[in-house]
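One structure is given here, and the rest of the page talks about it.
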Amino acid sequence: MPPIAAVDPVEAVANPLDTIEQIIGSNGWSFDRRGEFEVAAEVSGQWSDYVLYFNWSAEMSAMHFTCAFDLKVPERRRGAVYELLALANERLWIGHFGMGTEDSIPAFHHSVLLRGAAGASPESLEDMLDIALTECERFFPAFQFTISGGKPATESLAAAMLECAGEA
C-alpha cells in the first residue's frame, strides 16, 4: 500500500508539553521535564497515586499520554487483569487501559494528533487529564479487587461500578 500523500506541507506544531507543564504546575503536582519531548508527573488520587507520562513526537505531531496505577500485577493474576482490561475498555469513550508486558503495571493511555492544528488548547489538555484521572479513579477498585482480592474480572468490575446513593 503506498503512503498517503499530504495535501500541503504543514508548519511545525507548538510543543503541547509546554502547556502540560503549566497545567501541572498550576495544580501543584510534582513533575520533571525530562527534555524537550518528555514530562513526568505524580498525582495523588482518592484510591492511589498515579504517575503521568507525556511524550511529544514533533515528526508525527502527536502527543502520547499515560496515567499509570501504583499497582503491579503478579504473574498469577495477569490473565484475570487482561480480561478486566478488555471489559473496562468497552466502557470507555476516550483512551484505553493497557498493561506493559515488562513492568506489569496497568495504565490508561491516550494519544492526541495535532497535525494541521496550531497546537493543543489548554482546555483540551485539561479535559484529557480530567478524563484520564476520572477513569483511573473509577476503575481502580476493580483492579484492586482482581489483583489483591483474587476476584474474577466480571465480579470486580460489577462491584466497582456500583453507584451509591445518599450518605452514610
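The values are calculated or read from the model by the stated rules, or taken from the named source; none is laboratory data. Keep in mind that what you see is a predicted model, and the values were worked out from it rather than measured. Note: ideal-geometry Cβ built from the backbone for every residue, glycine included; neighbour counts use all protein chains shown.
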(request) Consider Asp130 carefully, then state whether it is in a helix (DSSP H, G or I) and among the acidic types (Asp, Glu). (result) yes
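Per-residue answers, yes or no, for (1) surrounded by 15 or more Cβ atoms within 10 Å (Cβ to Cβ); (2) over 20 Å from Trp47 (Cα atoms); (3) of a type in the set (Val, Ile, Thr):
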residue: Pro74; (1), (2), (3): no, no, no
residue: Ser121; (1), (2), (3): no, yes, no
residue: Met128; (1), (2), (3): yes, no, no
residue: Thr134; (1), (2), (3): no, no, yes
residue: Glu137; (1), (2), (3): no, no, no
residue: Phe143; (1), (2), (3): yes, no, no
residue: Gly150; (1), (2), (3): no, no, no
residue: Ser156; (1), (2), (3): yes, no, no
(message) Going through Arg115, Arg91, Arg77 one at a time, which residue ends up being in a helix (DSSP H, G or I) and on the phi < 0 side of the Ramachandran plot?
(response) Arg77
(request) Kindly establish whether Thr101 is of a type in the set (Ser, Thr, Tyr), modelled with pLDDT of 95 or more and farther than 15 Å from Gln144 by Cα. (result) no
(request) State whether the residues of the stretch 88-105 include one that is surrounded by 12 or more Cβ atoms within 10 Å (Cβ to Cβ), acidic (Asp, Glu) and within 25 Å of Ala158 (Cβ to Cβ). (result) no
(request) Select from the stretch 44-69 the residues that are more than 26 Å from Ala117 (Cβ to Cβ) and surrounded by 15 or more Cβ atoms within 10 Å (Cβ to Cβ) and list them in ascending order. (result) Gly45, Trp47, Ser48, Tyr50, Val51, Ala68, Phe69
(message) Suppose we filter the stretch 69-94 for residues that are of a type in the set (Phe, Trp, Tyr) and modelled with pLDDT of 95 or more; how many remain?
(response) 1
